[in-house]
1. In straight Cα distance, which aspartates and glutamates are under 16 Å from Lys135, not counting same-chain residues fewer than 8 positions off?
2. For the range 213-230, what does the Karplus curve 6.51 cos²θ - 1.76 cosθ + 1.60, with θ = phi - 60°, yield as ³J(HN,Hα) per residue in whole Hz, taken in order and with x for Gly and Pro?
3. If each residue of separation counts as 0.36 nm, what is the full-extension length gain between Gln9 and Ser255 once their alpha-carbon separation is subtracted?
4. Using unit Cβ charges (K, R positive; D, E negative) and no other charged atoms, how large, in debye to the nearest 20, is the dipole of the chain about its Cα centre?
5. What is the angle, in °, between the Cα long axis of helix 256-274 and the longest principal axis of the Cα atoms in the chain? Nearest 10 is fine, range 0 to 90.
6. Could you tell me the relative contact order of the range 128-176? Use alpha-carbon pairs under 8 Å, at least six residues apart, and round to a whole percent.
7. Over the chain, what is the relative contact order in whole percent, taking alpha-carbon pairs under 8 Å and six or more residues apart?
8. When the gyration tensor of the range 77-247 is built from Cα positions, what are the square roots of 5 times its three eigenvalues, in whole Å, from largest to smallest?
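Each reported figure results from applying straightforward, stated rules to the coordinates on display, with no laboratory input. Worth saying up front: this structure is predicted, and the values here are computed from it rather than measured. We place every Cβ from the backbone using ideal geometry, glycine too, and count neighbours over all the protein chains shown.
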Amino acid sequence: MEIWQGKLQPPARALREGLESAEGLLCLLTDRIDRELIDGAPQLRAISTYAVGYDNIDLEAAAAREIPVGHTPDVLTDATADFTFALLLAAARRLVEGVDLVRGGEWLTWEPDLLLGADLQGATLGIVGLGRIGKAVARRAEGFGMKLLHTSRSSGAPLDELLAESDFVSLHCPLTEATRHLIDAEALERMKDSAILINSARGELVDVQALERALRKGVIRAAALDVTEPEPLAADHPLYGAPNLIVAPHIASASRRAREQMAELAVDNLLAGLAGEPLPNQVPAGT
């Protein structure tokens with residue numbers, strides 16, 4: 001067994017060399033498992049990703065070799081939904097601005113109009129992608145008395161309608177060619193100027209250049225992101241200079257229980273694949 005010990009993901013060359021004689025691969029969402037890599041691993045029999053998403057893996061190339069691919073759904077659903085709501089609340093009630101104000105020594109006294117935020121009660125939350133995590137976010141929103149809209153591949157309102165009517169828009173759809181830059185300049189223009197965008201799914205769902213411009217021009221009120229494109233953004237990226245923005249370091253699933261269960265499931269998937277058994281959570285064929 002070979003374990004990559006680096007702080008960052010292995011470079012392509014190291015990953016390729018490590019797979020030359022490997023029968024199984026347990027990878028992270030930051031590892032690009034493309035056709036060239038799979039074709040260069042003649043003994044590879046199973047792939048398991050420590051993530052619910054699998055857009056970093058060439059599923060067609062794996063299927064051509066009859067290599068099963070496993071992922072870790074369900075176990076991170078609640079942790080991700082909790083953090084999504086943490087982002088939503090922080091943006092709505094301007095929590096980060098408040099903390100910065102206190103730390104900067106600018107809190108002078110109680111003021112009637114200091115950092116006025118948005119109410120959740122009666123507000124409309126638009127959920128883009130009503131899968132496991134989207135449904136978990138919806139349950140939390142109901143507890144806050146929010147109205148719900150959703151759009152997905154098979155049900156719900158048209159995306160244009162959802163964007164126009166929602167006070168908060170939360171992204172939970174998978175990353176595909178159809179959803180890449182789903183939230184672009186045109187989509188942002190359809191949103192209310194009081195709307196808040198939340199993304200805890202995949203960074204590539206949002207055009208960050210368009211988002212930066214929208215925040216600077218007041219096209220929307222605020223955005224709270226756990227993911228970006230690229231990831232991480234460079235320290236001097238222009239988006240960081242935009243107002244009313246929260247960026248977290250991709251930690252939506254980072255609860256102790258969720259990460260432990262993800263690890264266990266990822267290992268179970270890999271061991272099952274190596275034993276020639278059905279994976280506990282196998283990515284469906286043709287996904």
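1. Straight-distance partners of Lys135: Asp74, Asp78, Asp82.
2. Each residue of the range 213-230 in turn: 4, 5, 5, 5, 8, x, 5, 10, 6, 7, 9, 10, 10, 9, 9, 9, 10, x Hz.
3. Details: separation 246, 0.36 × 246 = 88.56 nm, distance 2.12 nm.
Value of the extension gain: 86.4 nm.
4. Details: 27 positive and 42 negative charges, 99 e Å.
Magnitude of the dipole: close to 480 debye.
5. 30
6. Working: 44 pairs, mean separation 23.9, N = 49.
With pairs under 8 Å counted, the relative contact order is 49 percent.
7. Numbers: 515 pairs, mean separation 55.3, N = 287.
Relative CO of the chain lands at 19 percent.
8. Numbers: eigenvalues 125, 75, 44 Å².
Taking √(5λ) for each eigenvalue gives 25, 19, 15 Å, largest first.
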